[in-house]
Amino acid sequence: MARALSFTAGQLFLRQQAMHVVCWRQIHRCMSQGSSRGGSPGKGGPKRKVAVLGAAGGIGQPLGLLMKLSPLVTDLALFDIAGTPGVACDLSHVNTQAKVEGFAGDGELGKALTGCDLVIIPAGVPRKPGMTRDDLFKINAGIVKNLCKAIAEHCPKALVNIISNPVNSTVPIAAEVFKQAGTYDKAKLFGVTTLDVVRARTFYAAKKGIPVEGVDLPVVGGHAGITILPLFSQATPKMDMTEKEIDTLTKRTQDGGTEVVQAKAGKGSATLSMAYAGALFAEACLKGLNGQKNVIECSYVESTITDIPFFSSKVRLGPKGIAEVLGLGKLTAYEKKALDDMAKELKASIRNGIEFVKK
Ligand code: NAD
Ligand code: LMR
């Protein structure tokens, strides 16, 4: 009996191990394909140093892990105000190529940033139930401003991916800091809105009963409430949708962050899905840097495709960052109205960010 039991346990263990392998293979495949469906150069590719600022946090830790798993990263710098030596030691035992180093406290920020090709910033406080992303401005604006000053000094040519909220203001803050430092290049600054795309794909696939792996659609505007606008009319594969379905899925995508904040009931906001989305976007940036063709993702960037100076839309990524900001395509009446409705709020958030640095 005991023998039979241990045999079953052994079988279970092997099965579990096999499932882990399948899962990791899927994660690797998803990350190297992303939505741009491209391959990755893997071993023998260029050296790429990536820094995560806020690396000991809820997003920072799983994002650090996903970057450690990325075949595109050769050096990974993990910076936070505290806790990063432990996170870095832990991650450094993972048998993938990226060399991991932890840096803690302002005194080590310069070392973390030196030589970076890509800096990802999830540093800052997350929402609690009842808060808006704008309520985070007071604390996070200053954090992003100081980190960007250090980027301007230590790695002015790096691509910068800003995750810290409110993204609608923190990206203009970063732009203004870089302008004041004389290092601003609009092709290198990105607000990460990939989580909105990830959510819209998931909700669309579930509603239409189709496999999510094949689904793509742009999400434009900004990253807060009504400024988030999924363009379901441009979703692929194209499925018939009623007006009610479009409205419901649009609102669910706009409220996706709040859905997680409420479910976590005071213990923060989206971290795991954000780490996944952040890694997808970071990998797209690295693919672009490495010269891979046709890498396209949505991102909140300096833009002239509307009269809103920072705006999220599809961008083509290239060896110097943004190669092209793509237009909105044909919009439905519902989408046009949503675009009009968001303009005032988005412009005000942008103004707040710029004024914060100027004053
Ligand atoms: P968290 O509190 O778990 O982690 C934040 C980390 O930032 C902490 O480890 C903290 O020590 C660190 N930090 C604070 N000040 C710092 C500084 N000056 N330098 C370096 N590190 C510093 O929070 P989280 O859940 O990881 O969320 C982080 C931010 O990301 C929040 O602002 C949140 O709203 C935002 N967020 C954005 C998106 C998006 O789609 N763009 C999605 C989810 C969360
Ligand atoms: C999200 O969309 O999940 C993030 O912006 C976090 C939040 O506060 O909603």
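The values are calculated or read from the model by the stated rules, or taken from the named source; none is laboratory data. All values derive from a computational prediction rather than experimental measurement. Because the Cβ atoms are built from the backbone with ideal geometry, glycine has one as well, and the counts that use them run over all protein chains shown. Side chains are part of the model used for accessible areas, which takes the heavy atoms of the whole protein and leaves out ligands, DNA and RNA. Shrake-Rupley method; radii C 1.70, N 1.55, O 1.52, S 1.80 Å.
Rounded to a whole number, what is D in µm²/s for the stretch 237-283 from Stokes-Einstein with the Kirkwood radius over alpha-carbon pairs (10 °C, 1.306 mPa s)?
126 µm²/s
How large are Rg and Dmax for the stretch 172-262 when calculated on the C-alpha trace, in angstrom?
Values for the stretch 172-262 (Cα only, Rg and Dmax): 15.9, 50 Å.
Find the accessible area per residue for the chain; the probe is 1.4 Å, ligands and nucleic acids are left out, and the unit is Å².
47 Å²
From the residues Pro46, Val119, Thr194, which one has its Cα farthest along the dipole of the chain in the positive direction, the dipole being from +1 and -1 charges on Cβ of Lys/Arg and Asp/Glu about the Cα centre?
Of Pro46, Val119, Thr194, it is Pro46.
Taking the full set of protein chains and a 1.4 angstrom probe, give the accessible area of Glu355 in square angstrom, rounded to the nearest 10.
100 Å²
Roughly speaking, what % of Cα-Cα pairs in the stretch 49-191 are separated by over 20 Å, rounded to a whole number?
43 percent
Which of the pairs Lys157/Lys179; Lys244/Lys264; Lys49/Lys287; Lys145/Lys320 have their Cα atoms more than 21 Å apart in this structure?
From the list (Lys157/Lys179; Lys244/Lys264; Lys49/Lys287; Lys145/Lys320), the Cα-Cα distance tops 21 Å for Lys244/Lys264; Lys145/Lys320.
Label Lys47 and Asp307 with points 7 Å out from Cα along Cα→Cβ: what is the distance between them in nm?
Between Lys47 and Asp307, the label points sit 5.0 nm apart.
For the stretch 194-358, state the average projected area of the convex hull of the C-alpha atoms over all orientations, rounded to one decimal in nm².
10.8 nm²
Note the full-extension length gain between Lys238 and Thr74 as 0.36 nm times their separation in residues minus their Cα-Cα distance, in nm to one decimal.
Extra length available between Lys238 and Thr74 comes to 55.2 nm.
Stretched out fully, how many nm does the piece from Leu272 to Asn146 gain, at 0.36 nm a residue minus the Cα gap?
Here the answer is 42.8 nm.
Report the charge-dipole magnitude of the stretch 203-278 in Debye, nearest 20, computed about the Cα centre from +1 at each Lys and Arg Cβ and -1 at each Asp and Glu Cβ.
For the stretch 203-278, the charge dipole is close to 220 debye.
Relative contact order of the stretch 194-358, please, whole-number percent, based on alpha carbon pairs below 8 angstrom and at least 6 residues apart.
Reported as a whole number, the value is 22 percent.
Can you say what percent of the DSSP beta bridges in the chain, counting only those with both residues inside, are antiparallel? Round to 5.
45 percent
Among Ala181, Ile162, Val144, whose Cα projects farthest towards the positive end of the dipole of the chain, with charges put on the beta-carbon of Lys, Arg (+1) and Asp, Glu (-1)?
The one lying farthest along the dipole's positive direction is Ile162.
Mind checking which aspartates and glutamates have their Cα closer than 15 Å to the Cα of Lys208? Skip sequence neighbours fewer than 8 apart in that chain.
The reachable aspartates and glutamates, counting only those whose Cα sits under 15 Å from Lys208, are Asp216, Asp240, Glu243, Glu245, Asp247.
With just the Cα atoms defining each centre, how far is the stretch 146-163 from the stretch 306-359? Give it in Å.
21 Å
Compare Gly278, Gly54, Gly142 in a GNM of the chain, Cα atoms joined below 10 Å, and give the one with the largest fluctuation.
Gly142
Among Leu249, Leu331, Leu53, determine the one that fluctuates most according to a GNM of the chain built with springs between C-alpha atoms less than 10 Å apart.
It is Leu331.
What number do you get for the chain when its Cα radius of gyration is normalised by 2.2 N^0.38 Å, N = residues?
Output field value: 1.00.
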